[in-house]
Amino acid sequence: MTFPYTKEVLEHFRNPRNVGKMEDPDGKGLEGSAACGDMVAVYLKVNPDTLVIEDISFESYGCASNIATASVITELAKGKTLEEAKKITWKEAANALGGLPHVKAHCSVLAVEGLRSAIRDYEEKHGMVVEKEATTTEVVSKRLKHVMNPMAGL
Amino acid sequence: MFNETIYLDNAASTRLDEEVLEAMKPYFFDAYAVATSEFGYSMGIDAKEGLERSRKVIASRLGAQAGEIVFTSGSTESSNMAIKGVLSALKGKKDDHLIVSRLEDFPVLNTAKKLDKQGYKVDFINVDGEGVLDLDMFSDAITSQTALVSIQQANQEIGTLQDLKAISDICHDKNVLLHTDATHSFTRVPLDVSKLPVDLVTMSAHTIHGPRGIGALYIREGTPIDKWMDGGFQESDRRAGVENIPAAVGFAKAVELVTPEENERLAAMRDRVIERAMADIPHVTLNGSATSRLPQNSNMTFHYVEGESITLHLDMMGFAVSTGSACFSRSLEASHVILGIGGDHERAHGSLRFSFGRFNTIEDSDAIIDALKDVVTNLRAISPLAEDN
Amino acid sequence: MFNETIYLDNAASTRLDEEVLEAMKPYFFDAYAVATSEFGYSMGIDAKEGLERSRKVIASRLGAQAGEIVFTSGSTESSNMAIKGVLSALKGKKDDHLIVSRLEDFPVLNTAKKLDKQGYKVDFINVDGEGVLDLDMFSDAITSQTALVSIQQANQEIGTLQDLKAISDICHDKNVLLHTDATHSFTRVPLDVSKLPVDLVTMSAHTIHGPRGIGALYIREGTPIDKWMDGGFQESDRRAGVENIPAAVGFAKAVELVTPEENERLAAMRDRVIERAMADIPHVTLNGSATSRLPQNSNMTFHYVEGESITLHLDMMGFAVSTGSACFSRSLEASHVILGIGGDHERAHGSLRFSFGRFNTIEDSDAIIDALKDVVTNLRAISPLAEDN
Ligand SMILES: Cc1ncc(COP(=O)(O)O)c(C=O)c1O
Ligand SMILES: Cc1ncc(COP(=O)(O)O)c(C=O)c1O
Ligand code: FES
Ligand code: FES
């Protein structure tokens, strides 16, 4: 029997790291997937001097891939600066999990978007960006455009 | 070779019954000839007898004549043949109008959608919140140009039974042919074509512990229908292809093995799983009808959590169940059935179907809820939707 | 339950091999789930693995990629799907011109005839006295409007092999798609689609001691073909219906059990029966090619006598064989194959096919001729045609 999932995916799925809602987060992001209707929330505690992510947690309403990528992304982001964390890609997350089924690539994109959205929220609250871009359905679909064909994967 | 599982996905397919295989063996190893030539040799006649005996068993369970049963390769083929065969036969006689319900399974639904694209007129009739057909909308949709109606007897996901008596009476009154997909209901709930004016019925073996690769189509005598599977003259020249006699014999045996007592046993498992889920787990919604449903089917939504995550956890604990979640399906589309009864994506996402079969026990109903309690609690703990839990 | 028979009708169907049933059992009793959801539970993934392993076995025997093999319910469905699916996909792109040989079996022949009635243009190409396609007539028949050619690799009755290399080269040169019905030749004679530009191949399990109810269609990557069996998304959305995994696994096992040595054994039985008949019985004509024929097939006309009478006598003596006689067939039509090679009704009437399988021995070849000698002599003694014997 081979699951479509790697050992790492199953491990993070069974024992997700850094889970749960955070009290008084410094930054908070909530993203939804237009492809399958799932959601990811990411919460951050940021050191205002170094801009290092000192604490991070997530919530997921999604499939095993989604839970696992969100979990691994919190591990990847913790201890990084906001600028470094912004650069984490869904591919890095998927690689850290030993790979994801093609049809599930969008789940990892969703998790990455959750993290970026939390960072953006922090930056907006701290006057680090001028333009505030509302997270509308169109914005989400735009970001997810390259993964919107779930049958073909990426 | 494989691990022990508590299998609660009998609506998808079932374990073969050993008795069914035993019934098939003489046709694998002794009377393995083809049955086409009655002027042929003895082994072919033995084979043919096996085939015709099986046809009778299936016919009589349905209140039909043996000659009204055509064996096919399965439900999918039966429904393709029924719809395409009747529309082809009526071409030019009635207008190309087809009526189906929104909850039909893919063989009927996707055949209807394809025909729609090809220029047929197709109406998809709504159902209410329990999955029951809107009889007024249905009745109004029928016109003098309607060639065929196809409404399932029972739903594959939420188990809701349609009022086939009312539906067939309407069709009969309006002089329109009626096909019903009885894939899940045949032998599980009554259907007697000598009493109800249903013209075509799709049946399947592998949903009742019979073999895969065999199904049947009841065709009321006199129903206009063209051949769809072209080739040889088998099945009284209605369906070509070597007769799958071992499987037909297995199908008949599978039918004989379904008893009213078994159906009561299944209903008890169904009721227990619903009752226990409602009692032990908060935020649960029953999908489908509380009163008019298949004995072997239950379907509930566990809110704020996603079905694929649940099924994967359950799998690791040794349970096999399925979900209407978009994430579970290859196409990433949420169940059209849950959406069809007015549910939103969230309701489809967290829906689980528990379907029972001969090899389940009432303990399985308890075991799955015991397991599910923890799984749902843990997943809700990480769900952004489940704020108030 | 049934009597012992010397069964020489393996072209019609074969006895299941016990090893095939053993290979199927885990999928009846352990991994009996459906295979559709790879994000589903373990049992479904086990089932899927069995299915995909089987696909690979069949693909590799044909020199194909696994993804180019679609499982169907049998040869008849494979050929229906190939012809109707390709013509549907090419509608409006190429004109509706189809070319088949006169010797095709019913799935291709009757599909072609139906399409002809529906307005497609169909050409039926002649064969010579041995059943070999007239390549000139064939090549001339192809026009820029030809959508598809369907020429069998081996004939069902007289065993003649076509020159698929020449045929596929012509099609390739003229840029026309080629389907071949390999129901009787698959595993028995070489066919390598990595070498020959054949686009679609019909295959069957029950002709090689595999189960009924399963066949396959090879579809070269990129070949335009519409879905024919509508419904679910199985078989990469090319053929709907629950996958018949036990049968697919049985099919693969059946393929693996056919060896070159076995094919030589069968050819020896074939040669012996022909040689003995020619030596021991006067007025015998070989039907089909003496050199280019299926290893398991022999077909001869015993002049002045009628086939059904012979087969009935043989049956009473414990032999199962078939005949191209009109009297034998349900439709009372003489074999279109014998007529197609230029034979008259008398030649069809007295034709017998002896087709061999794994469970025959070379002694069966002797036994059938020993029996036949008397039967033919006795029937000729009462035949008005056989004045000079
Ligand atoms: C050449 C050929 N093709 C196709 C078929 C149809 O096979 P099936 O009846 O197994 O579908 C036959 C059956 O005898 C055949 O001889
Ligand atoms: C109601 C209904 N009809 C038809 C089918 C198709 O059955 P099969 O795949 O056995 O052909 C299904 C399969 O799940 C079904 O649920
Ligand atoms: S979150 Fe829906 S498919 Fe992964
Ligand atoms: S003589 Fe009786 S059918 Fe031919």
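The values are calculated or read from the model by the stated rules, or taken from the named source; none is laboratory data. Nothing here was measured: the structure is a model prediction, and the numbers come from that model. When we count neighbours, we look across all protein chains shown, and the Cβ atoms used for this are built from the backbone with ideal geometry, even at glycine. Keep in mind that these areas ignore ligands, DNA and RNA; they rest on the heavy atoms of the full protein, side chains included. Shrake-Rupley method; radii C 1.70, N 1.55, O 1.52, S 1.80 Å.
Brief remarks on what is shown
- Note on segment B:245-286: Rg/Rh from Cα positions, Kirkwood definition for Rh, rounded to two decimals, is 1.31.
- Using a probe of 1.4 angstrom and keeping all protein chains present, the accessible surface of segment C:128-167 works out to 33 square angstrom per residue.
- The heavy atoms of C:L196 offer some 30 square angstrom of accessible surface to a 1.4 angstrom probe.
- Whichever lysines have a C-alpha closer than 22 Å to that of A:K45, once near sequence neighbours (fewer than 8 apart) are set aside: A:K21, A:K28, A:K78, A:K80, A:K86, A:K87, A:K125, A:K132
- Here is the list for segment B:211-318: GluC sites (Glu not before Pro) lying in DSSP coil, each with at most 16 other C-beta atoms within 10 angstrom of its C-beta, are B:E221.
- Principal axis dimensions, segment B:34-106 - Cα atoms, whole angstrom, descending: 47, 27, 22
- Summarised in one figure, the compactness ratio Rg/Rh of segment B:273-345, Cα atoms and Kirkwood Rh, is 0.95.
- Each chain gives up part of its surface: C and B jointly bury about 5900 Å² of accessible area, both sides summed, for a 1.4 Å probe.
- Counting only Cα atoms, the size of segment B:1-128 along its three principal axes is 50, 49, 28 Å, in decreasing order.
- Peptide B:209-220 has a mean shielding of 4, counted as Cβ atoms of other protein chains within 10 Å of each residue's Cβ.
- Charge tally in the Cβ shell below 10 Å around C:S168, where Lys, Arg are +1 and Asp, Glu are -1, C:S168 excluded: -2
- With the label put 7 angstrom out from Cα along the Cα-to-Cβ vector, B:E22 ends up 2.2 nm from the copy partners, going from closest to farthest.
- What separates the Cα centres of segment B:179-251 and segment B:261-277 is a distance of 29 Å.
- Whole-number D in µm² s⁻¹ for segment C:259-381, Kirkwood Cα-pair radius fed into Stokes-Einstein, 37 °C, 0.692 mPa s: 227 µm²/s
- Nearest-first distances (nm) between copies at B:F359, label 7 Å from Cα via Cβ: 2.7
- For B:I125, residues with placed amide H under 5 Å, excluding near neighbours: B:V100, B:S101, B:R102
- When the inverse distances between all different Cα atoms of segment C:120-162 are averaged and flipped, the Kirkwood radius reads 11.4 angstrom.
- The label point for A:E83 and the one for B:E264, both projected 7 Å from the Cα toward the Cβ, are 7.7 nm apart.
- For the pair segment C:347-367 / segment C:51-101, the C-alpha centres are spaced 31 Å from each other.
- Cα Rg, Dmax (largest Cα-Cα span) when computed across segment B:118-249, Å: 16.0, 46
- For the peptide B:18-29, the mean number of other protein chain Cβ atoms found within 10 angstrom of a residue's Cβ is 3.
- Value of [θ]222 nm, deg cm²/dmol, for chain B, DSSP H segments ≥ 4, -39500 (n - 2.57) each, nearest 500: -12500 deg cm²/dmol
- As a fraction of the 1.4 Å probe accessible area of the protein assembly as shown, surface on carbon and sulfur atoms comes out at 50 percent.
- Loop trypsin sites (Lys or Arg not before Pro), segment B:56-151 (other Cβ atoms within 10 Å of the site Cβ: 16 or fewer; DSSP): B:K93
- Each other copy holds its own label point for B:D128; taking that point as 7 Å from Cα along Cα to Cβ, the gaps run 7.5 nm, nearest first.
- Entries of B:K94/C:K117; B:K227/C:K114; B:K91/B:K227; B:K195/B:K253; C:K56/C:K165; B:K48/C:K373 with Cα pairs more than 18 Å apart: B:K94/C:K117; B:K195/B:K253; C:K56/C:K165; B:K48/C:K373
- Evaluated with a Cβ-only charge set (Lys, Arg +1; Asp, Glu -1), segment A:1-105 carries a dipole of roughly 380 debye about its Cα centre, given to the nearest 20.
- Accessible-area ranking of C:V108, C:V189, largest first, probe 1.4 Å: C:V189, C:V108
- For the protein assembly as shown, the calculated P(r) over all alpha carbon pairs, in 10 Å bins from 0 to the bin holding the longest distance, is 2, 12, 19, 21, 19, 13, 8, 4, 2, 1, 0, 0 percent.
- Ordered by solvent-accessible area of protein heavy atoms (1.4 Å probe), largest first, the residues C:T5, C:T301 come out as C:T5, C:T301.
- With q set to 0.06, 0.10 Å⁻¹, the log10 of I(q)/I(0) for chain B, from the Debye formula over equal scatterers at the Cα positions, is -0.24, -0.67.
- Antiparallel DSSP beta bridges within the protein assembly as shown, as percent of all bridges there, nearest 5: 60 percent
- Expressed to the nearest 5 percent, the antiparallel share of DSSP beta bridges inside chain B is 55 percent.
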